[in-house]
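Heads up: the structure comes next, in structure tokens.
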Amino acid sequence: QVQLVESGGGLVQPGGSLRLSCAVSGSTFSTYTMNWYRQAPGKERELVAFVARGGSTLTTATSVKGRFTASRDNAKNTLYLQMDSLNRDDTAVYYCNARGPGGSYWGQGTQVTVSS
């Protein structure tokens, strides 16, 4: 059973930074394509970034380009999302997602709140 556990969320002031982590266990991490999603109150879940098995990335959400950087460490079975220059519109629950031979798996989410 693949398990994903996000961490690193919290309350941050506008302009601040956070680094989210997603620890993956129960399978071979390097065989999974990894994604970061977020869901703001009253909105649909949005794909933020995609990280291929080999580490190449694609930031899909226009609003975060140039501010968010996704990466992975296959040796540590961990996915990361570095978030800089945060603003109130980034307030959401952030989820990591793994897609691979066994299917699609989700973490429980971590809350990010941007507020002064």
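Miscellaneous remarks
- Cβ-Cβ under 7 Å pairs, at least 6 apart or on other chains, region 97-116 side on the phi < 0 side of the Ramachandran plot, far side open to solvent by 90 Å² or more (accessible area, probe 1.4 Å) and not in a strand (DSSP E or B): V114/R88; S115/R88; S116/Q13
- Taking region 103-116 as the range and being part of a strand (DSSP E or B) and either within 13 Å of the chain's Cα centre (by Cα) or aromatic (F, W, Y) (or both) as the test, the residues that pass are Y105, W106, T110, Q111, V112.
- Count - residues of region 77-102 that are part of a loop (DSSP other than H, G, I, E, B), out of contact with any strand residue (DSSP E or B) (no Cβ under 7 Å at 6 or more places or on another chain) and at pLDDT 95 or above: 2
- Every residue from region 62-92 that is open to solvent by less than 50 Å² (accessible area, probe 1.4 Å) and either touching an Asp or Glu at 6+ places or on another chain (Cβ under 6 Å) or within 21 Å of V2 (Cβ to Cβ) (or both): R67, A70, S71, R72, D73, T78, L79, Y80, L81
- If only residues of region 62-75 that are without any contact (Cβ under 8 Å) to a residue 40 or more places away in the chain, over 12 Å from the mean Cα position of the chain (by Cα) and not in a helix (DSSP H, G or I) are counted, the one that is farthest from L86 (Cα to Cα) is A75.
- Total residues in region 70-91, condition in contact with a Lys or Arg (Cβ under 6 Å, 6 or more places away or on another chain) and either of a type in the set (D, E) or on the phi < 0 side of the Ramachandran plot (or both): 3
- Scanning region 34-51 for residues that are open to solvent by 30 Å² or more (accessible area, probe 1.4 Å), touching a Lys or Arg at 6+ places or on another chain (Cβ under 9 Å) and over 15 Å from Q111 (Cβ atoms) yields E46, L47.
The values are calculated or read from the model by the stated rules, or taken from the named source; none is laboratory data. None of the values given here were measured: they were computed from a predicted structure. In this analysis, Cβ positions are derived from the backbone assuming ideal geometry, glycine residues included, and neighbour counts consider all displayed protein chains. Heads up: the accessible areas ignore ligands, DNA and RNA and are worked out on the full protein's heavy atoms, side chains in. Shrake-Rupley method; radii C 1.70, N 1.55, O 1.52, S 1.80 Å.
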